[in-house]
1. Just need a number here: residues in segment 360-377 that are crowded, with 24+ Cβ neighbours inside 10 Å and either among the hydroxyl-bearing types (Ser, Thr, Tyr) or more than 22 Å from the chain's Cα centre (by Cα) (or both).
2. Taking the stated definitions as given, is ILE223 over 23 Å from ILE271 (Cβ atoms) and surrounded by fewer than 19 Cβ atoms within 10 Å (Cβ to Cβ)?
3. So, in segment 349-366, exactly how many residues are assigned to a loop (DSSP other than H, G, I, E, B) and among the polar types (S, T, N, Q)?
4. Looking at segment 517-562, which of the residues that are of a type in the set (Val, Ile, Thr) and outside any loop (DSSP other than H, G, I, E, B) is surrounded by the fewest Cβ atoms within 10 Å (Cβ to Cβ)?
5. So, in segment 496-513, how many residues would count as being surrounded by fewer than 12 Cβ atoms within 10 Å (Cβ to Cβ) and either of a type outside the set (Lys, Arg) or within 27 Å of ASN467 (Cβ to Cβ) (or both)?
6. Identify all residues within segment 90-147 that are closer than 23 Å to LEU50 by Cβ and basic (Lys, Arg); write none if there are none.
7. Quick one: ILE472 ticks every box in (1) more than 13 Å from MET425 (Cα to Cα); (2) in contact (Cβ under 8 Å) with a residue 12 or more places away in the chain bar one, so which box is it?
8. Pairs please, first residue from segment 483-495 and touching a residue at least 12 places away in the same chain (Cβ under 8 Å) and under 17 Å from GLN570 (Cβ atoms), second anywhere and β-branched (Val, Ile, Thr) and crowded, with 19+ Cβ neighbours inside 10 Å, Cβ atoms under 8 Å, 6+ apart in sequence or on different chains.
Amino acid sequence: MAKYSSVEKILEKKQVVNDKYEVQFFIDGTDVCEKYRVKGNDNKTYLLKLYNSSKLSRYSFTNEGLLEAEILRQIDHINIISLVESGEVVKNSQKYHFLIFDFISGETLHDKLKREGVFSPYSSVPMTLNILDAVAELHNHPRTVIHNNINMKNISLDYSKNSEKPILTGFNFARYIDSKSNSVDIEQLSPFYIAPELYNGVFTPQSDVFSLGALLYQMIFGIPPWYLELPEYQYSDDKFKTLLFDKRNEDLSFIMPDFEELDDEHLKETIVKALSIDVENRFKNIKEFNEALNRRVILEGGSTKKTKQVSTKAEVKQGDGFSAIAGMEELKTLLYNDVIKALNEQELYASYGVSIPNGMLLYGPPGCGKTFISERFAEEVGFNFVELKPSDIKSKYINATEENIGKIFKDAIDKAPSIIFIDEMDAVVPSREESDLHHMHAGPVNELLAQMSNCAEKGIFIIAATNRPEKIDPAILRTGRLDRIIYLPPPDYEARKAMFELYLKDRPIDLGLDYEPLAKLTNNFVSSDIKFIVDEASRFALKKKERITKEIVINAIENLQPSVSYKDLQKYERLRDELEDKQRGKQENKKPTIGF
């Protein structure tokens, strides 16, 4: 991709372009194109893009000037940047082409991601739908236009009207579909957004579909699909391309920065289809992609179906077990003594008349690693593992949800000993006492209660996770269903210190990096916050091409607020007290919180 220029800026402050636009300040630029904020004679603010004409491809021009200008003059859409005028200017015996746009008062998606972190699916999908509408305008043009350069930096957010309107920009590589193949210099594009066919010089509407799928993926997961962390200058190397092509043969990862997996199966299938390497399996056009995001079709395995079959495959989890959990020694000791030993030494426990635990509930603020700990538990105990999410069992068809639950438990019994991990327990078994609970939901709750009753006798152990334990049906928490209720607060000092060591150990850190001040500065930060801090520090050091120092990490900490507020933490502390009181008959001597 083009590098930021280190030479002196072409235009100077107060310089007037085309007798109309006075330069206010330089925004950013490369050795090919620079951007300036300018003020017009009408006292309005505009964006000026200045191209070094000698460094542009011949495919960037038409007989009338820049192809970008020609395309934008024909387009009028609320989510596409507005071209005001274009022209040429000569300075220092060099010719430059300039474009004047309406100024967008806001920031790019890339900037917002860096500032606030990942978008939720609930905000990223509507954002993507707005951009899809803009791209549809290009594709429906009488002479179809392919954008070719859709990425986080080319989506600007307009905040001028107290809203967050996405605006598609960056049309310098836009081409008509009948333009010459190989007319797009892919070395100038973001490699993780490039559709496979574009590497062969072919660009179609499906190429933009791929880029839009990559955009949606990065909004949710924070990194582009099939991301490889290499210095930017290596992205054009043939070795990198080989690595990228090999990486794209792997399944997409749907693990979010808080270690939780995206549980929306339809959204996952939509992203997979948009990012299909095989163009035959990709959405054929923007309309198909739009219908999938609006859930007008049901996707499963890349095809549309009337119903969805739940997967109940039980398999032994392979991995490092508890050794992969940084810190949290009291939790690991509790799980080992109270649960794992009982599961692995059932005959010994039975001889003492000690019942085998039926299941446990892990609850606490988002980002504290409930799913991560559950998976490490399954690795440690060595049982078959079945993961269950709300989207896996819910169905709009009468009795289908109950059937799905039955299939999951039958498969787990057949493969016993088994662990069933149930994520978002509050969504799977909401309290039947809630007045707004639909009568259709009561059946699934009753079915799951029946299946969970004394399931330890059938070789099944239940791990449930939730951020909202107060919303779970109280019957789930009685003896014989979930016997252990464990609070997972934000990690304590020792755990935070261990997490910084774990996340930084394979990165180019400064010799003698002291983890103690980092742990002291991150009180009340959850596990996902610490991972994000390390990633941000790594990105900063990568840009500077230097080692990760204590100062760089501290700067990343100072630019991030804990994702869980102090008010929310207090709420969880009150919930913990209430649940512990219920379990212990409101005894006065309360057991201390697990040492995070």
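The values are calculated or read from the model by the stated rules, or taken from the named source; none is laboratory data. Just so it is clear, the model here is predicted, and its values are computed rather than measured. Every residue, glycine among them, receives a Cβ derived from its backbone with ideal geometry; neighbour counts consider all protein chains shown.
1. 4
2. The answer is no for ILE223.
3. Adding up the residues that qualify gives 2.
4. Out of the qualifying residues, it is ILE554.
5. Number of matching residues: 3.
6. Selection gives LYS91, LYS95.
7. Tallying (1) more than 13 Å from MET425 (Cα to Cα); (2) in contact (Cβ under 8 Å) with a residue 12 or more places away in the chain, ILE472 fails exactly one: (1).
8. Listed pairs, sorted by first residue: TYR487/ILE594; LEU488/ILE373; LEU488/ILE594; PRO489/ILE594; PRO490/VAL526; PRO490/VAL564.
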